[in-house]
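The values are calculated or read from the model by the stated rules, or taken from the named source; none is laboratory data. Computed from a prediction, not measured in an experiment: that's the story for all the values here. FYI the Cβ positions are ideal-geometry reconstructions off the backbone, even for glycines, and counts take in every protein chain you see. Protein only, heavy atoms only, side chains kept; ligands, DNA and RNA dropped before computing areas. Shrake-Rupley method; radii C 1.70, N 1.55, O 1.52, S 1.80 Å.
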Amino acid sequence: MQPVKIGILGLGTVGCGTVTVLSRNREEIARRAGREIKIIQASARDLKKPRPCATDGIQLVADVREIVRNPEVEVVVELIGGYEPARALVLEAIEHGKHVVTANKALIAVHGNEIFAAAQKKGVMVAFEAAVAGGIPIIKTIREGLTANRIEWLAGIINGTSNFILSEMRDKGADFADVLKEAQRLGYAETDPTFDVEGVDAAHKLTILAAIAFGIPLQFDKAYVEGISRISRLDVRYAEELGYRLKLLGIARRTDGAVELRVHPTLIPERRLIANVDGAMNAVLVKGDAVGPTMFYGAGAGAEPTASAVVADLVDVVRTLTTDPNNRVPHLAFQPDALADLPILPIEDVDTSYYLRLHALDRPGVLADVTRVLADQNISIEAILQKEPHAGEDTVPVIILTQRVREKNINAAIARIEGLGSIKGKVARIRLEHLNPDWK
Ligand code: NDP
Ligand code: HSE
């Protein structure tokens, strides 16, 4: 089958992230979509400017309109940002019968009603998952996964830049202006960073979420918007001393016959999960009447996390072009004839760290025996802790944390430890995962 040809407007942070992800995961994405996705053109106003992604095989054009008018381009991916010329370009692409994918929340929040009407008239798709909460598929979640519910409220940390600033101010006592510069360097901030720090970007996103959650038109102009620019380090510290964390929250809530739509700095009890969402991470709490409270967490900004959502939208569009529209999303996410024959790993061959609790007689040499057994199985110890004996008992509890080890090795070690004369009873074991973001 012929590849689906797409054109990208804007090769900045997200544009380049999209090029990179589409290229790196080309095969797997094609298996999911049912067809290959091929970028045939991308815009670069300055053709000589170096780009942070490989553009081989992509025709770079200085005039964005060339892409929008190219009859070969089936899907236009708008990654320029801002209101204009993005609005005019998207409307022109729709007019030419092209599907549109965009990450532009400003565009959707302010001009979405007009754009959706045009798309409806032309029978094309406009997909905008990346516009809210970066890599978190929150739009699909609310629109599809929670579709059974009457959504009661939602509250989110939906601006990565301001959350990054507040986190760095709290953790490192860093200066507002310095952290903002760092967020810009990392590609989190908007072209106009006042959108981030004054709450405008969060309000764009909240406007979109509220429309989807409550079935109301997009009404950005009615949102209450207050940012973090007047927050001082003292506020952050005092909030902390009182047991609260300070976050920029977007809140949308149904009240009697109305909807609250507000973005402002907010104290949240530190024991709440969402209070511990730090750095450029985002989280959205959604309360549905059937499901109850749910929370969705992930990277809210950055090249590849955002590209993850852009490409997901592209796959959705391509599926409508290739598959039976009545059965558009494959039940197992991949096309049925593209399922891989990968074996499931038996648990004995899985690697994890372990928490072990054993009860040892309180006499010399016992711990040496245990650690020798572990060493024989090539198991490294992360930490070891001997606790006070329980009243009336002749053994002491010993807690051991191991580094990552193959399950069959720990099984063998445990069997030998339980066989030592100085160990009483069974060894208790719990698997331990650090879940580091860079875990591969
Ligand atoms: P960048 O500023 O990094 O990239 C935007 C690109 O658009 C630039 O490279 C520029 O291209 C091009 N561009 C800007 N103005 C024009 C114009 N008038 N005509 C033609 N091209 C233009 O922005 P991002 O990649 O960060 O953001 C893109 C979109 O994604 C925005 O809507 C943003 O809100 C959204 N978004 C961004 C996230 C992020 O983490 N950065 C996360 C989620 C959404 P050139 O280099 O050719 O001049
Ligand atoms: N500037 C935005 C943020 C990018 O910091 O959250 C992601 O939408």
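Taken over region 7-46, the residue count meeting the criterion of being within 13 Å of ligand 1 (Cβ to nearest atom) and either open to solvent by 60 Å² or more (accessible area, probe 1.4 Å) or in contact with a His (Cβ under 7 Å, 6 or more places away or on another chain) (or both) is 3. Report yes if some residue within region 283-293 is at pLDDT 75 or above and within 16 Å of ligand 2 (Cβ to nearest atom); otherwise report no. Scanning region 283-293 turns up at least one residue that is at pLDDT 75 or above and within 16 Å of ligand 2 (Cβ to nearest atom).
What tally of residues in region 405-436 results from selecting those that are among the charged types (D, E, K, R) and either part of a helix (DSSP H, G or I) or surrounded by 15 or more Cβ atoms within 10 Å (Cβ to Cβ) (or both)?
Residues flagged as among the charged types (D, E, K, R) and either part of a helix (DSSP H, G or I) or surrounded by 15 or more Cβ atoms within 10 Å (Cβ to Cβ) (or both) within region 405-436 amount to 6.
Looking at region 93-110, which of the residues that are part of a helix (DSSP H, G or I) and surrounded by fewer than 21 Cβ atoms within 10 Å (Cβ to Cβ) is nearest to the chain's Cα centre (by Cα)? Residue satisfying both the conditions and the ranking: VAL110.
Only residues in region 197-225 that are open to solvent by less than 10 Å² (accessible area, probe 1.4 Å) count as the first member; pair them with residues that are among the acidic types (Asp, Glu) and part of a loop (DSSP other than H, G, I, E, B), Cβ under 7 angstrom, at least 6 apart or cross-chain, and list the lot. Every condition considered, the pairs that remain are GLY199/GLU226; ASP201/GLU190. Look at region 283-297: where a residue is free of Cβ contacts under 8 Å to residues at least 60 places away in the same chain and a partner is open to solvent by 20 Å² or more (accessible area, probe 1.4 Å) and aliphatic (A, V, I, L, M), sitting 6+ places away or on another chain with Cβ atoms under 9 Å, you get PRO293/LEU285; MET295/LEU273; MET295/LEU285. Test of understanding: among GLU182, GLU144, GLU152, which residue is more than 12 Å from ILE212 (Cβ to Cβ), without any contact (Cβ under 8 Å) to a residue 60 or more places away in the chain and either within 16 Å of ligand 2 (Cβ to nearest atom) or assigned by TED's automatic domain parsing to the domain that holds ILE216 (or both)? Selected residue: GLU182, the only one of GLU182, GLU144, GLU152 that is more than 12 Å from ILE212 (Cβ to Cβ), without any contact (Cβ under 8 Å) to a residue 60 or more places away in the chain and either within 16 Å of ligand 2 (Cβ to nearest atom) or assigned by TED's automatic domain parsing to the domain that holds ILE216 (or both). Selection of region 165-189 for residues being crowded, with 21+ Cβ neighbours inside 10 Å and within 11 Å of ligand 1 (Cβ to nearest atom) yields ALA183, TYR188, ALA189.
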